[in-house]
Every structure is written in structure tokens, then in C-alpha cells.
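Data block below; observations after.
The values are calculated or read from the model by the stated rules, or taken from the named source; none is laboratory data. Since the model is a prediction, treat every value here as computed from it, not as a measurement. Quick reminder, even Gly has a Cβ in these numbers, built from the backbone with ideal geometry, and neighbours come from all protein chains shown. Accessible surface is based on the protein model in full, side chains and every heavy atom, while ligands, DNA and RNA are left aside. Shrake-Rupley method; radii C 1.70, N 1.55, O 1.52, S 1.80 Å.
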Amino acid sequence: MGTGYFLHHARFPVEVPDITLLDLNPHCLDAASSRIARHRPTRVRANVLEPWPVGGPFSSIGLCYLLHCLPGAMADKAVLLDHARAALSDDGRIFGATILQGDAPRSGAARALMEIYNKKGVFSNRGDTEDGLKAALTARFAQVSVEMRGCVAVFTASGRPI
Ligand SMILES: C[S@@+](CC[C@H](N)C(=O)[O-])C[C@H]1O[C@@H](n2cnc3c(N)ncnc32)[C@H](O)[C@@H]1O
């Protein structure tokens, strides 16, 4: 959930959006919920890699800049997509962004910084690739879009696979 920056600046298709913030870090929940206090968000402290203790179903679930922070191989961390799908309405959509390695174009500076972050445990994306992300999404959703912007994958996914 981070700081709530994107939710603060987002435009919503309804006058009173029903927003649930989920994060493992209580300081991030504090920061984000204060920033968007006008929307009276629900706060949930939880690990996305375990079943989500949330209401729902939600029409939209944002997963921005989360996957590259999670430990494990893409196939393991993708369990969060199972939990997201369980919380999503039938016509709902997940969206997000994540920083990849593999063949994703990375400048020398990006490579160096990513290596430092991986060593410190801030990132855990040494094995994260575009193919791995697409495989994790298409195994769980019928419609999947992954667009690369540099080494950042911007994705959306919806629908149940047949
Ligand atoms: C890089 S921030 C991104 C925040 C926000 N989505 C954004 O785009 O600005 C990653 C967030 O994921 C949270 N996080 C990391 N691992 C988590 C986990 N296992 N379960 C729940 N939240 C987690 C962190 O506390 C942090 O708020």
C-alpha cells in the first residue's frame, strides 16, 4: 500500500469509492489511510502471501510495485494472485506494476541499484521475468495484458480461465 500516493491522486468512477487498504506494514497503513482519510478506507494488516482476511468481492484490486518485493520464485510468490482472485468479483479486474529482470532492458545504474536492493532484501526479483509473470497471470485469468515500460511490467488481468 505504501504511502497512498496513487489513491490520493486517482479519479474514481463512483462518488463514494469503497476502498480497502491491505499491507503487512502498519506504518504504510497509517500513512496511506491518513492520506486518503476523506474516502474512509478500511485497513487490513495482512500478508498477501496468505489468504486475505478481507470483505469483498472487489471490482478492482491494485498490486502496484508489490511482486518484486516478495520473496521466492515467481511461481511461488504468484500465490498472491490466487488470493486476489478469491477476493475479486466475477467481472472485476486486477492491475499492477512490477520490476523485472531476465530480458527486461536495464541500464547499468538500474542493474547496480537492483543488485543492492536484492542484497539488502528490499527487492527479491532476481528470478522475475516477463515470461514468468505472463505464465502466472494466464494460469489464473482469461484476459491478461502485460506491457513493458523499460524494466517495469504494467499488467491487468480479469476473467476466469476456461
Ligand atoms: C514498493 S511499496 C509499493 C506501494 C504502493 N503500491 C505504490 O505503488 O506506491 C510495497 C508495499 O508492499 C508492502 N508489502 C511488502 N511485502 C508484503 C506482504 N508480504 N504482504 C503485504 N504487504 C507487503 C510493503 O509494506 C509496501 O507498502
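Largest accessible area first, the listed residues ARG35, ARG93, ARG40 line up as ARG40, ARG93, ARG35 when surface is computed with a 1.4 Å probe on the assembled protein chains.
If you average 1/r across every pair of different Cα atoms in region 34-76 and take the reciprocal, what Kirkwood value do you get, in Å? Numbers along the way, then the final one.
Values: mean 1/r = 0.0774 Å⁻¹.
It is 12.9 Å.
Quick one: helix 108-120 against the long Cα principal axis of the chain, what's the angle to the nearest 10°, folded into 0 to 90? Taking Cα atoms only, the helix is inclined about 70 degrees.
For the chain, the spread of Cα positions along the three principal axes, ordered from largest to smallest, is 44, 40, 28 Å.
What net charge is computed for the residues neighbouring GLY132, neighbours being all others with C-beta under 12 Å from the C-beta of GLY132, Lys and Arg scored +1, Asp and Glu -1?
Numbers: positive: LYS77, ARG126, LYS134; negative: ASP76, ASP103, ASP128, GLU130, ASP131.
In short, -2.
Taking all protein chains together and rolling a 1.4 Å probe, CYS151 ends up with roughly 20 Å² accessible. With kT/(6 pi eta Rh) evaluated at 20 °C and eta = 1.002 mPa s, and Rh the Kirkwood radius from Cα pairs, region 1-46 diffuses with a coefficient of 204 µm²/s according to Stokes-Einstein.
Between the Cα long axis of helix 26-35 and the first principal axis of the chain there is an angle of about 60°, rounded to the nearest 10. Between HIS8 and VAL152, the simple spin-label model (points 7 angstrom out along Cα→Cβ) gives 1.7 nm.
When the helices in the chain are scored as -39500 (n - 2.57) per DSSP H run of 4 or longer and the sum is shared across all residues, what 222 nm value do you end up with, to the nearest 500 deg cm²/dmol?
Numbers: 6 runs with 50 residues, N = 162.
Here the helix-only value at 222 nm equals -8500 deg cm²/dmol.
Compute the signed sum of charges (Lys and Arg +1, Asp and Glu -1) over the other residues within less than 12 Å, Cβ to Cβ, of ILE99. Once all neighbours under 12 Å are counted, the net charge is +2.
Ranking ALA73, LEU24, ILE36 by Cα position along the charge dipole of region 1-104, where only Lys, Arg, Asp and Glu carry charges on their C-beta atoms, puts ILE36 farthest toward the positive end.
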